[in-house]
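A.B. asks: Quick one: the structure is below, questions incoming.
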Amino acid sequence: MEKFLSLSVEKQTIIVDAALLSFSNNGYKKTSVSDIAIAAGISKSMIFHYFGTKKTLYLYLIDLCGNILMKEINENFDTSVTDFFDRIKLATDIKISVMKKHPSILSFLNSMYFESDEEVKTEIKDVLAKGEGFRSKIALDGMDASKFKDGIDPKLIMKMLVLLAEGYISQSSGKAALDLEPLHKEFEEYINLLKKNLYKEEYL
């Protein structure tokens with residue numbers, strides 16, 4: 001990894017984009033190091049020189065994409081916002097912004113979500129669990145739960161929203177490109193509907 005990280009940002013980006021695209025299109029098992037090398041315009045031996053194995057490269061990409069998303073959220077999320085649904089909208093806006101700047105991240109993460117190869121299955125499961133913890137922290141820490149009607153559990157609402165997001169991921173699986181705007185608009189409509197039905201009258 002040190003050899004790869006010593007490359008210029010431009011060269012790193014070329015290799016990363018090639019790998020993201022290759023894994024997105026073909027999945028982990030069917031993607032070969034040769035595919036990535038050809039897409040990046042370098043030799044296969046250089047991929048091995050930088051990463052050692054295909055698995056190491058794949059896991060590096062997972063970490064990279066996750067870190068980019070978490071960095072953007074940590075830097076741009078306004079913790080003074082205490083409304084649960086406003087927090088969800090804010091986090092979603094940040095994620096959409098990242099996806100627009102780095103469209104290859106979206107397709108790769110979609111592909112990763114449905115990856116079932118045993119060689120990377122355990123690591124992916126760990127990453128998804130970590131992401132769930134981060135997501136809950138953003139939505140729930142410092143959130144004003146008093147706005148909800150009596151008997152409403154915000155954690156349960158979070159699970160519903162995660163299932164909704166999973167549905168969007170499933171819908172976009174296998175697509176080369178995804179139009180984020182209509183999905184973003186539809187998601188906000190669902191958020192507004194939930195807020196209208198789950199909040200006390202005085203907070204609407």
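A.B. asks: Can you show me the helix-derived [θ] at 222 nm for the chain, built from DSSP H runs with n ≥ 4 at -39,500 (n - 2.57) apiece and divided by the number of residues, rounded to the nearest 500.
C.D. replies: Value at 222 nm, helices only, nearest 500: -25000 deg cm²/dmol.
A.B. asks: Rounded to the nearest percent, how much of the accessible area of the chain (1.4 Å probe, protein heavy atoms only) is carbon and sulfur? Each step should come with its number before you reach the end.
C.D. replies: On the way: 6410 of 11670 Å².
Carbon and sulfur together cover 55 percent of it.
A.B. asks: Right, here's the next one. How big, in percent, is the set of alpha carbon pairs in segment 1-131 lying more than 20 Å apart?
C.D. replies: More than 20 Å apart: 48 percent of the Cα pairs in segment 1-131.
A.B. asks: Another question, if that's okay. Any chance you could run the full-extension gain for residue 132 through residue 75? It's 0.36 nm times the residue separation minus the Cα-Cα distance, nm to one decimal.
C.D. replies: On the way: separation 57, 0.36 × 57 = 20.52 nm, distance 1.87 nm.
The span from residue 132 to residue 75 would gain 18.6 nm if fully extended.
A.B. asks: In addition: Only Lys, Arg, Asp and Glu count, each charged at its Cβ (+1, +1, -1, -1), so figure out the dipole size of the chain about its Cα centre, rounded to 20 debye.
C.D. replies: Once rounded to the nearest 20, the dipole reads 420 debye.
A.B. asks: Let me ask something else about it. Distance in nm between label sites at residue 93 and residue 67, each 7 Å beyond Cα in the beta-carbon direction?
C.D. replies: Result: 2.8 nm between the two label points.
A.B. asks: OK, next. Under a 1.4 Å probe, what is the accessible area of the chain per residue, stated in Å²?
C.D. replies: Result: 57 Å² of accessible area for each residue.
A.B. asks: Sticking with this structure for a sec: Rounded to the nearest 0.05, what FRET efficiency is calculated for residue 48 and residue 155 with R0 set to 35 Å and r the Cβ-Cβ distance? Write down the numbers at each step before the final one.
C.D. replies: Working: r = 45 Å, r/R0 = 1.28.
With R0 = 35 Å, the Cβ-Cβ based efficiency is 0.20.
A.B. asks: Determine the shape class of segment 56-204: with a ≥ b ≥ c the square roots of the Cα gyration tensor eigenvalues, call it rounded for a/c under 1.5, and otherwise prolate if a/b is greater than b/c, oblate otherwise.
C.D. replies: Working: a/c = 1.89, a/b = 1.75, b/c = 1.08.
It is prolate, given that a/c is not under 1.5 and a/b is the larger ratio.
A.B. asks: Now for a different question. Report, in degrees rounded to the nearest 10, the 0 to 90 angle that the Cα long axis of helix 54-76 makes with the longest principal axis of the chain.
C.D. replies: The angle comes out at about 40 degrees.
A.B. asks: Segment 1-33 to segment 117-157: how many Å between their Cα centroids?
C.D. replies: Using only Cα atoms to place each centre, the spacing works out to 29 Å.
A.B. asks: Would you mind getting me the FRET efficiency between residue 188 and residue 144? Use the beta-carbon distance for r and R0 = 22 Å, nearest 0.05.
C.D. replies: Calculated value: 0.65.
A.B. asks: I'd like the orientation of helix 9-30 relative to the chain: the angle between its Cα long axis and the longest Cα principal axis, in ° from 0 to 90, rounded to 10.
C.D. replies: Approximately 80 degrees, to the nearest ten.
A.B. asks: Here's another thing I want to ask about it. If you take every residue apart from residue 152 with its C-beta less than 12 Å away from the C-beta of residue 152, what net charge results, scoring Lys and Arg +1 and Asp and Glu -1? Walk me through the numbers on the way to the answer.
C.D. replies: Values: positive: 147, 149, 155, 195, 200; negative: 150, 153.
So the surrounding residues net to +3.
A.B. asks: How high is the relative contact order of the chain, given as a whole-number percent (alpha carbon pairs under 8 Å, six or more residues apart)?
C.D. replies: Relative contact order comes out at 23 percent.
A.B. asks: Here is a further query. Say the dipole of segment 1-203 comes from +1 at the beta carbon of Lys and Arg and -1 at that of Asp and Glu; which of 52, 94, 197 then lies farthest toward its positive end?
C.D. replies: The one lying farthest along the dipole's positive direction is 52.
A.B. asks: Going 7 Å from the Cα of residue 181 in the Cα-to-Cβ direction, what parts of segment 85-103 have a backbone nitrogen less than 14 Å from that spot?
C.D. replies: 100
The values are calculated or read from the model by the stated rules, or taken from the named source; none is laboratory data. No experiment lies behind these values; they were computed from the predicted model shown. Cβ coordinates were reconstructed from backbone atoms using ideal geometry, including for glycine residues, and neighbour counts include every protein chain displayed. These accessible areas exclude ligands, DNA and RNA; they are computed on the full protein's heavy atoms, side chains included. Shrake-Rupley method; radii C 1.70, N 1.55, O 1.52, S 1.80 Å.
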